[in-house]
Amino acid sequence: MEDTAVPAGAPTSAGPDATYLDAATAVPPHPVTRQALLAALEDGWADTDRLYASARRARRLLDAAHESMAESLGVRPDEVSFWPSGAAAAQAGVLGLASARARTGTRLVHSAIEHSAVLHAAARHGDAVEVGVDMPGRLDLPAWTAAVTTPGVAAAALISASHEAGTVQPVAEAAAACADAGVPLHVDAAQSVGRLPVPPGWSSLSASARKWGGPAGVGVLTVRKGVRWVSPHPGDDRFRPRATGAASVPAMVAAAASLRAVLAEADVENRRLSALVDLIRSEVARTVPDVEVVGDPVRRLPHLVTFSCLYVDGEALLHALDRRGFAVSSGSSCTASTLRPSHVLEAMGVLSHGNVRVSLHRGVTEPDVRRFLAVLPGLVAEIRAEVGL
Amino acid sequence: MTTLDCRGQRCPLPVIALAKAIRDTPVGGIVRVLADDPAAAGDIPAWCRMKGHEFVGRSGVTFEVRRSGGTT
């Protein structure tokens, strides 16, 4: 479909000058990421397990990355391991907890709004039990408590905040229910680490560096001391839980350094971005007819908002926004490789077509958001006019 | 009763067809939609909720909606 309304000279696709509003997928690298990565490339290329001088330098950098990451997460350095992605870390967490309790059973309890990587891990491990959410996307705690209390539960998994709706989950309460039942809990904190305090009560927790402005290709897993965890992978002779093979020390250093920098700015940035999300929530509801702004308006991530427009093809809206220079994502089925609507929107029982997720970061300004809000109603109206509505 | 055969159509097409058909349906009347797109299972009830119509129920690929006082 051609968008003939693009004025001459306007960006024709979301190129380098585009307004990037998909932080929930990946945040553009923080300046500290770039600095740390370049500095660590000089000293961190050698294998950390060898005994010569260059290897010792790389080892010192890796140890420093563990210490810094541990401090940022409020855990011990030897509880931290780095993985090739947030998804790999989440799967290692869930499967590692469950594998250690094979004698108890193979049942894995998880919310209906986990990341697909966790759903696939749970389904492969054995008997996966899904616990629903309400329409704002918040976990059904009584159902969760009942599910983790049944016999044969090896482990449970809960996302700290929905990556699609932004709704913050009652992790402390869910963790208490797990503790009462003696079930270890994995928390996928990919969307909240760097923005919200690390919740209490879990056995293992994972995060993803690119979600806070660190480098892509770095996941973080932390398993508390005393928790039984067995690697779901064959592993190698390296001395602590981690992904198999040699990893990028510079990337790990950059991940740790950027998280520290992001946390130092988090209070100010959260207030700023949360006010912009409030602006989007109210303006979209006011200026776009037949729209459903989804997720909890209060107990939510500071940077993420999702809405669905009746009668609108999500893919067409994404392309129209892209031509105007706005990069956003969608949970609509037409934008998914599976051609199924987002399982998160399905679980919430909200409209899944015409869906747009806008997620903000430190590079997004109020004028950027106001420009987005100015073009959106016209683009939605154009798409609706094409189908006679 | 109006029956819309939207099998093979992807969302939002079944919901668009439903929205158009409800205009010609008297209050209390039923529109039946046949839709096999997985998204219809959530989107037809969501449309009813947003527009103030009654979602009667679903059986397989058959969805039934009753026009209420809601908007068209």
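The values are calculated or read from the model by the stated rules, or taken from the named source; none is laboratory data. Given the structure is predicted, the values throughout are model-derived calculations rather than measurements. Heads up, the Cβs are rebuilt from the backbone with ideal geometry, glycines too, and the neighbour counts pull from every protein chain shown. Calculation scope for accessible area: heavy atoms of the full protein, side chains included, ligands and nucleic acids excluded. Shrake-Rupley method; radii C 1.70, N 1.55, O 1.52, S 1.80 Å.
The range A:90-166 and the range B:9-45 have Cα centres separated by 34 Å.
Using a Förster distance of 60 Å, how high is the FRET efficiency between A:Leu51 and A:Asn270, based on the Cβ-Cβ distance and rounded to 0.05? After rounding, the FRET efficiency stands at 0.85.
When the charge dipole of the range B:2-57 is built from unit charges on Cβ atoms (+1 for Lys and Arg, -1 for Asp and Glu) and taken about the Cα centre, the candidate among B:Gln9, B:Pro26, B:Ala46 whose Cα reaches farthest toward its positive end is B:Pro26. When A:Ile113, B:Ile30 are compared by accessible surface with a 1.4 Å probe, the order from highest to lowest is B:Ile30, A:Ile113. Histogrammed with a bin width of 20 Å, the alpha carbon distances of the protein assembly as shown distribute as 24, 51, 23, 2, 0 percent, first bin at zero. Over what distance in Å are the Cα centres of the range A:322-389 and the range A:188-255 separated? For the range A:322-389 versus the range A:188-255, the Cα centre distance is 31 Å.
Once the other residues with Cβ under 13 Å from the Cβ of A:Ala55 are scored (Lys, Arg +1; Asp, Glu -1), what is the net sum? Summing Lys and Arg as +1 and Asp and Glu as -1 gives +1.
Only protein heavy atoms count here; on that basis, with a 1.4 Å probe, A:Arg242 has an accessible area of about 50 Å². Normalising the average separation of contacting C-alpha pairs (under 8 angstrom, six or more residues apart) by the number of residues puts the relative contact order of chain B at 34 percent. Once R0 is set to 35 Å, what does the formula 1/(1 + (r/R0)^6) return for the Cβ-Cβ distance between A:Arg124 and A:Asp237, expressed as a FRET efficiency to the nearest 0.05? Here the calculated transfer efficiency is 0.85. Potential lengthening of the chain between A:Arg60 and A:Ala374 amounts to 108.0 nm, from the contour at 0.36 nm per residue minus the alpha-carbon distance.
The string of couplings for the range A:268-279 from the Karplus curve (6.51, -1.76, 1.60, θ = phi - 60°) is 5, 5, 4, 5, 5, 5, 5, 5, 5, 5, 4, 4 Hz, one whole number per residue in order, with x for Gly and Pro. In terms of its C-alpha gyration tensor, the range A:160-252 comes out oblate, because a/c is 1.5 or above while a/b does not outweigh b/c.
Once B binds A, the 1.4 Å probe can no longer reach about 1600 Å² of accessible area, counting both sides. Counting Cβ atoms of other protein chains within 10 Å of each residue's Cβ and taking the mean over peptide B:8-16 gives 6.
Which of the three applies to chain B, rounded, prolate or oblate, going by the alpha-carbon gyration tensor with a ≥ b ≥ c and a/c under 1.5 meaning rounded? Prolate is the answer for chain B, as a/c is 1.5 or above and a/b outweighs b/c. Candidate cross-link partners of A:Lys211 among the lysines, defined by an alpha-carbon separation under 24 Å and a same-chain spacing of 8 or more, are absent. In summary, the lysines within cross-link reach of B:Lys20, defined as a Cα separation below 21 angstrom excluding same-chain residues under 8 places away, comprise B:Lys51. A simple spin-label model places the labels of A:Ala102 and A:Glu366 5.8 nm from each other, with each point 7 Å out along Cα-to-Cβ. Angle, helix A:116-125 long axis vs. longest principal axis of chain A, Cα atoms, 0 to 90°, nearest 10? Compared with the principal axis, the helix lies near 50 degrees.
Let's test the formula: R0 of 45 Å, r as the Cβ-Cβ distance of A:Ala143 and A:Arg34. What FRET efficiency results, to the nearest 0.05?
0.50
Shape class of the range A:341-389 from the alpha-carbon gyration tensor: oblate, with a/c at 1.5 or above and b/c at least as large as a/b. Look at the stretch A:338-345: the mean tally of other chain Cβ atoms within 10 Å of its residues' Cβ atoms is 3. Maximal additional length on extending the B:Thr3-B:Thr72 stretch stands at 23.1 nm, based on 0.36 nm per residue less the C-alpha distance. Taking amide H as placed 1.01 Å from N in the peptide plane, A:Ala24 has its amide H under 5 Å from the amide H of A:Ser359, each at least 5 places away in sequence or on another chain.
The modelled label-to-label distance for the pair A:Ala381/B:Arg32, using points 7 Å beyond Cα in the direction of Cβ, is 3.9 nm. The phi-based Karplus calculation (6.51 cos²θ - 1.76 cosθ + 1.60; θ = phi - 60°) puts the 3J(HN,Hα) values of the range A:287-295 at 9, 10, x, 6, 10, 10, 7, 9, x Hz, whole numbers, x for Gly and Pro.
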